[in-house]
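To start, the structure under review is shown below, and the notes come after it.
Values in this text are rule-based calculations from the coordinates and carry no lab data. Note that the structure is a prediction, hence the values are computed from the model and not measured. Backbone-built Cβ (ideal geometry, glycine too); neighbour counts: all protein chains shown.
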Amino acid sequence: MNNSTESTAIDFQNFWAQQALNLHWRTAWDTVQISNSDAHSYYWFQGGYTNMCYNCLDRHIPSHGDKIAIITEPNELSTPSKSLSYSQLHTEVCKLANALIGLGVSIGDRVGIYMPMIPETIIAMLACARIGAIHTVIFAGFSAHSLRDRLIDCGCRIIIAANAMYRGNKKIILKDIVDEALLHCEDVWHSIIFKNTDDEVNMLTGRDLDWSNLIDSQSTVCDVVWVESEHPLFILYTSGSTGKPKGLVHTTGGYMVQTTWTMQHVFEMKHEDVFWCTADVGWITGHSYVAYGPMLNANTQVMYEGIPTYPSSERMWQIVEKHHINILYTSPTLIRSLMVCGIELPNNYKMQSLKVLGSVGEPINEEAWHWYHTNVGKDNCPILDTWWQTETGNILMSPSVNELNPKPGYTMNPLLGVVPVIMDVNGVELTGNNIEGNLCLQLGWPSMARTIWNDHPRYITTYFSTYVGYYFTGDGCKRDADGHYRITGRVDDVINVSGHRIGTGELESAINEHSFVIESAVVGYPHDIKGQGIYAFVSGSESHIDNELVAKEIKAWVAAKIGPFARPDKVQVVKTLPKTRSGKIMRRILRKIAEGQFDSLGDTSTLIDPSVVDAIILGRV
């Protein structure tokens, strides 16, 4: 490490130490940061003892106990919204925490959470944190098989689930999925079932416990279990196209410090602001900017159980107007899905309360950026195109809310304490500007995942073996002439066509600019001559069109936008793309379809509509 890097590291340590002092520590830390680069072990605020739940709730009660913490917007318009103050939330968390203790849960035990977007999900997470238990939230859209694998992998003792949930006009019986999963989970002692709907629930005597009956008799006082800074707070699973899911471990102190700071700094949250992040708590965005970030800063947030297009495409704008949302943090996928509904819908609502618009989950294409900026923000709200990952824990790159010349599609700059490095395929750092390569990160940051549960060698192989001495993000990146950063998409989604490496993000951005296209997804497939060909799936704004003509237009469009070498070999017009309930396009499935591997599509149970896959296969070029 050179002297300038050593100096930078020291400055960053001092910076994070100052941020940590804004939180409550039962015992102060001895050392800000320790790393063992050979073992890839990283420790922040070593020797310090704290508690996430205390910092989210208890420390706010004296001055902000009556402040609204969560406004719940239900799935059905006929059901009134509800609110929970910080004091009320504290009471419910203590009761559930005491119930968990009574069931034998202690520090370090794992608790699974399989819940919809309701306050009880956050209550369950905070109750675990209060007593030092490690929660693993499993997105309530995973199949019984996926749920089972995750519960077994981390050795859960308890699972907390809702009996059912609403997803638009669909009712999903979660209890049936839990029952099927638990047939193979011998280590699970009990399932705690929250009755989210009025449906009858079949309870297995001795195993299943009713949430309300369990907590009604519990004390509203529960002592905090103070945990060491590096004590695991949660395990969050990510899945790929092959191999078992990776249980990424996030620890308490560092994650807490950086989550608090990014919530304040990136969004420039004020105490009176109302925040709405549309992400599901089952993903990292929901952990950091629904469950923890707002509460660490005593903010008020909105939670919505349903989907933003139910019962109509106006629902999202109705919620913004109704609750005077100040900061809206959502995904490009959702923005694009609302674009097709026209500009008159957001224009029908009073949304002057909006001050900041955020984007998360994938690079936002320019067309969506401009639509979001003009029709939602009225050209007055900065758009924060944030970049980060499950592994990073928090936002690491984002434009500033005060950026004078924002560039659509750019994350612009790294945040303080983040050192991006762009590498070529040979492991050589690319210096200067006007460069493009693979994004790595130097040094450490407090909220980074520490390991993969029970598999540290896989953690090292996955993230530190490609570029020795660096964390490899798996993303491609450009740094332009002004030194600003643009994420170009997953490197494993880069298509090598006749020696030309083409990022699918760049291809999709170009395709999405075509007047017909609402959304697209590009994958590579084996090509006898080129090595890999480009297969583009596109959904459009018209129901009756000449698909062949559109395909020809899009091929010519891309050739004109990027170059003839980037012309798609195949363009398939589809009614809609396969998406998970969190709005993520399942490119893994599209890649298999493009390759003709229809018998190895993998689990499709997390899709909003699995029948979409069959329709795409039938229409395959």
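Could you state the angle between the C-alpha long axis of helix 3-20 and the longest principal axis of the C-alpha atoms of the chain, as a value from 0 to 90 degrees rounded to the nearest 10?
That helix lies at roughly 50 degrees to the long axis.
Identify, among Ala129, Leu89, Trp44, the residue whose Cα sits farthest towards the positive end of the charge dipole of the range 1-140, taking +1 on the Cβ of Lys and Arg and -1 on the Cβ of Asp and Glu, with the dipole about the Cα centre.
Leu89
Using the Karplus curve 6.51 cos²θ - 1.76 cosθ + 1.60 with θ = phi - 60°, work out ³J(HN,Hα) for each residue of the range 445-453 in order, rounded to whole Hz, and write x for Gly and Pro.
Couplings: 9, x, 8, 5, 4, 8, 5, 9, 3 Hz.
What is the set of long-range amide H partners of Thr197 at a cut-off below 5 Å, with H atoms built 1.01 Å from backbone N?
Amide H neighbours of Thr197: Asn163, Ala164.
What length, rounded to one decimal in nm, is gained on full extension from Met203 through to Ser81, with 0.36 nm per residue of separation minus their alpha-carbon distance?
On the way: separation 122, 0.36 × 122 = 43.92 nm, distance 2.89 nm.
Between Met203 and Ser81, full extension yields an extra 41.0 nm.
What is the local net charge at Gly254, summed over the other residues whose Cβ is closer than 15 Å to its Cβ (Lys, Arg +1; Asp, Glu -1)? Show your work: numbers first, answer last.
Details: positive: Arg450; negative: Asp30, Glu228, Glu230, Glu391.
It works out to a net charge of -3.
Ala17 to His271: extension gain in nm, 0.36 nm per residue of separation minus the Cα-Cα distance? List each step's numbers first, then the result.
Details: separation 254, 0.36 × 254 = 91.44 nm, distance 2.29 nm.
Between Ala17 and His271, full extension yields an extra 89.1 nm.
Give me the extension gain from Thr220 to Arg490: residue separation times 0.36 nm, minus the current Cα-Cα distance, reported in nm with one decimal. Mind showing how you got there, number by number?
Working: separation 270, 0.36 × 270 = 97.20 nm, distance 4.71 nm.
In short, 92.5 nm is gained.
In percent, how large is the relative contact order of the range 321-402, given Cα pairs closer than 8 Å and 6 or more residues apart?
Details: 116 pairs, mean separation 23.8, N = 82.
Here the relative contact order equals 29 percent.
Tell me which residues come under 5 Å, amide H to amide H, from Tyr237 once H is placed; ignore anything under 5 positions away on its chain.
Leu248
Taking only Cα atoms, what is the 0 to 90° angle, nearest 10, from helix 144-154's long axis to the longest principal axis of the chain?
It is inclined by approximately 60 degrees.
Determine the distance separating the Cα centre of the range 539-572 from the Cα centre of the range 367-419; give it in Å without decimals.
29
Can you work out the FRET efficiency for the pair Gln88 and Asn36, with r the C-beta to C-beta distance and R0 = 41 Å, to the nearest 0.05?
Values: r = 44 Å, r/R0 = 1.07.
The calculated FRET efficiency here is 0.40.
Could you work out [θ]222 nm for the chain from helices alone, using -39500 (n - 2.57) per DSSP H run of at least four and dividing by all its residues? Round to the nearest 500 deg cm²/dmol. Intermediate results must be reported in sequence, preceding the final value.
Numbers: 19 runs with 180 residues, N = 621.
Calculated at 222 nm, the ellipticity per residue is -8500 deg cm²/dmol.
May I ask you to derive the relative contact order of the chain, considering only C-alpha pairs under 8 Å and at least 6 residues apart, and to give it as an integer percent? Present the calculation step by step, with values, prior to reporting the outcome.
Details: 1266 pairs, mean separation 64.2, N = 621.
Worked out over the chain, it gives 10 percent.
Amide H to amide H under 5 Å from Leu384: which residues, 5+ apart in sequence or cross-chain, H placed 1.01 Å off N in plane?
Leu357, Gly358, Ser359
May I ask you to list the residues of the range 551-572 whose amide nitrogen lies under 16 Å from a point 7 Å from Cα along the Cα→beta-carbon direction of Ser515?
Under cut-off, by backbone N: 551-558.
Which percent of the Cα-Cα distances in the range 497-618 go past 19 Å? Mind dumping the intermediate values first?
Details: 3360 of 7381 pairs.
Roughly 46 percent, once rounded to a whole number.
Do the alpha carbons of any pairs in Lys570/Lys592; Lys407/Lys570; Lys82/Lys270; Lys82/Lys584 sit beyond 20 Å of each other, and which pairs? It would help to have the intermediate numbers written out before the result.
Details: Lys570/Lys592 15 Å; Lys407/Lys570 31 Å; Lys82/Lys270 23 Å; Lys82/Lys584 29 Å.
Going by Cα-Cα distance, Lys407/Lys570; Lys82/Lys270; Lys82/Lys584 fall outside the 20 Å limit.
Which one of Asn380, Tyr470, Pro363 is farthest out on the positive end of the charge dipole of the range 361-472, using unit charges on Cβ (Lys, Arg +1; Asp, Glu -1) and the Cα centre as origin?
It is Tyr470.
Using only alpha carbon pairs under 8 Å that are at least six residues apart, calculate the relative contact order of the range 178-289 and give it in whole percent.
Values: 78 pairs, mean separation 16.4, N = 112.
15 percent.
Where does helix 86-102 land angle-wise versus the long Cα axis of the chain, in degrees 0 to 90, nearest 10?
70
Going by average Cβ density within 10 Å per residue, which order do the peptides 132-143, 346-357 take, highest to lowest? Please list the in-between numbers first.
On the way: 132-143: 23.6, 346-357: 16.5.
The densest-packed peptide leads the list: 132-143, 346-357.
Calculate the FRET efficiency for His370 and His324 from the Cβ-Cβ distance with a Förster distance of 25 Å, rounded to the nearest 0.05.
Values: r = 25 Å, r/R0 = 1.00.
Efficiency for this residue pair is about 0.50.
Tell me the label-point distance for the pair Leu183, Asp599, using the 7 Å Cα-to-Cβ offset, in nm and rounded to one decimal.
2.5
What list of ³J(HN,Hα) values in whole Hz, one per residue of the range 54-65 in order, does the Karplus curve 6.51 cos²θ - 1.76 cosθ + 1.60 (θ = phi - 60°) give from phi, with Gly and Pro shown as x?
4, 6, 7, 10, 3, 6, 8, 4, x, 10, 10, x
Explain nothing, just the number: dipole magnitude of the chain about its Cα centre with +1 on each Lys and Arg Cβ and -1 on each Asp and Glu Cβ, in debye rounded to the nearest 20.
The dipole of the chain has a size of about 260 debye.
With a sphere of radius 10 Å drawn around the Cβ of Trp387, what net charge do the other residues whose Cβ falls strictly inside it have (Lys, Arg +1; Asp, Glu -1)? Intermediate values should be presented prior to the final figure.
On the way: positive: Arg486; negative: Glu362, Asp385, Asp475.
Summing Lys and Arg as +1 and Asp and Glu as -1 gives -2.
Out of all DSSP beta bridges with both ends in the chain, state the antiparallel percent to the nearest 5. Intermediate results must be reported in sequence, preceding the final value.
Working: 59 of 97 bridges.
Among the beta bridges of the chain, antiparallel pairing accounts for roughly 60 percent.
May I ask you to order 575-588, 546-559 by the average number of other C-beta atoms within 10 Å around their residues, highest value first?
On the way: 575-588: 19.3, 546-559: 16.4.
Answer by packing, highest mean first, reads 575-588, 546-559.
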